[in-house]
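Student: So that we are looking at the same thing, I have put the structure below in structure tokens.
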Amino acid sequence: EKDSLISILESVCKPLDVPCFSCRGFASVTALYDAAERFSEHDNSVILYAGDHDPSGLKIPQVIRERLNLFGVCVTLERLGLTYEQVTDLDLPPYPAKQQDKNFDEYVRLTGLKEAWELDALPPEYLADLFTKSIERYTDFTQLELMKKKEKQHKSYFDSLIT
């Protein structure tokens, strides 16, 4: 959800060949359609999501899942942060949830809260560690090394054609 944290997540994702994307709030239908096209090429796709603990931040993963389903793609979507457990464990500072947010009433009904918390309040190392551990759980490192080896061989072959 947050552009400001993309550099932290890219430092974790790129070395493991994991795409990283900031939807800057609710992702457009076009962006989700493009994602659905990519996901349809793979079995068992997973989205690791992090967003604010506020009315929209809790709604975004639900909307992503629903729209991908409309495009015929079913993915596992795991919310890594910001969770209420993280808020309480790390004693993060609250701010008043925006009552004008169209998701405010549902947020209050589901959580019982009128406060909200920014994902940016998580320490960068904490966020990087969350993503690293989750990516490692879903990654077949043997397969990843084979893929990298094939890519290197293909690159060498094409480099030899150029020189």
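Student: With +1 on each Lys and Arg Cβ and -1 on each Asp and Glu Cβ, how big is the dipole of the chain about its Cα centre, in debye rounded to the nearest 20?
Tutor: The calculated dipole for the chain is roughly 440 debye.
Student: Given a 1.4 Å probe, how much area per residue of the chain is accessible, in Å²?
Tutor: Result: 64 Å² per residue.
Student: How large a share of the accessible area of the chain, in percent, is made up of carbon and sulfur atoms when the probe is 1.4 Å and the other protein chains stay in place?
Tutor: After summing per-atom areas, the C and S share lands at 53 percent.
Student: Follow-up question, since we're still on this one. Could you tell me which residue out of ILE162, SER7, TYR84 lies farthest along the dipole of the chain toward its positive end? Charges go on the beta carbon: Lys and Arg +1, Asp and Glu -1, centred on the Cα centre.
Tutor: Value computed over the given set: ILE162.
Student: Using a 4.7 Å cut-off between beta carbons, which cysteines in the chain end up with no partner cysteine at all?
Tutor: If one checks each Cβ against the other cysteines of the chain, CYS23, CYS74 turn up with nothing under 4.7 Å.
Student: Relative contact order of segment 89-163, please, whole-number percent, based on alpha carbon pairs below 8 angstrom and at least 6 residues apart.
Tutor: Value for segment 89-163: 25 percent.
Student: Could you give each residue of segment 93-101 its phi-based ³J(HN,Hα) in whole Hz, using Karplus coefficients 6.51, -1.76, 1.60 with θ = phi - 60°, and x for Gly or Pro?
Tutor: These are the phi-based 3J(HN,Hα) values: x, x, 9, x, 5, 6, 5, 7, 5 Hz.
Student: Given the C-alpha centroids of segment 1-45 and segment 93-163, what is the distance between them in whole angstrom?
Tutor: Cα centres, segment 1-45 to segment 93-163: 8 Å.
Student: Given an 8 Å cut-off on Cα distances and at least 6 residues of separation, report the relative contact order of the chain as a percent.
Tutor: For the chain, the relative contact order is 25 percent.
Student: Sticking with this structure for a sec: Note down the net charge around TYR138, summing +1 for each Lys or Arg and -1 for each Asp or Glu among other residues with Cβ under 13 Å from its Cβ.
Tutor: So the environment of TYR138 carries a net charge of -3.
Student: Let's see if you can work this out: charge +1 on each Lys and Arg Cβ, -1 on each Asp and Glu Cβ, no other charges. What is the dipole magnitude of segment 20-82 about its Cα centre, in debye to the nearest 20?
Tutor: So the magnitude is around 160 debye.
Student: From the helices alone, meaning DSSP H stretches of at least four residues, give me the mean residue ellipticity at 222 nm for the chain, per-run term -39500 (n - 2.57), in deg cm²/dmol to the nearest 500.
Tutor: -17000 deg cm²/dmol, from helical runs alone.
Student: Among all lysine pairs in segment 30-163 that are eight or more places apart or on different chains, how many have alpha carbons less than 26 angstrom apart?
Tutor: Here the count comes out as 9.
Student: Also: Which value, in Å² rounded to 10, gives the accessible area of THR142 with a 1.4 Å probe and all protein chains present?
Tutor: Using a 1.4 Å probe on the heavy atoms, I get roughly 100 Å².
The values are calculated or read from the model by the stated rules, or taken from the named source; none is laboratory data. Computed from a predicted model, the values in this text were never measured in an experiment. Note that we place each Cβ from the backbone using ideal geometry, even for glycine, and neighbour counts take in every protein chain shown. Keep in mind that these areas ignore ligands, DNA and RNA; they rest on the heavy atoms of the full protein, side chains included. Shrake-Rupley method; radii C 1.70, N 1.55, O 1.52, S 1.80 Å.
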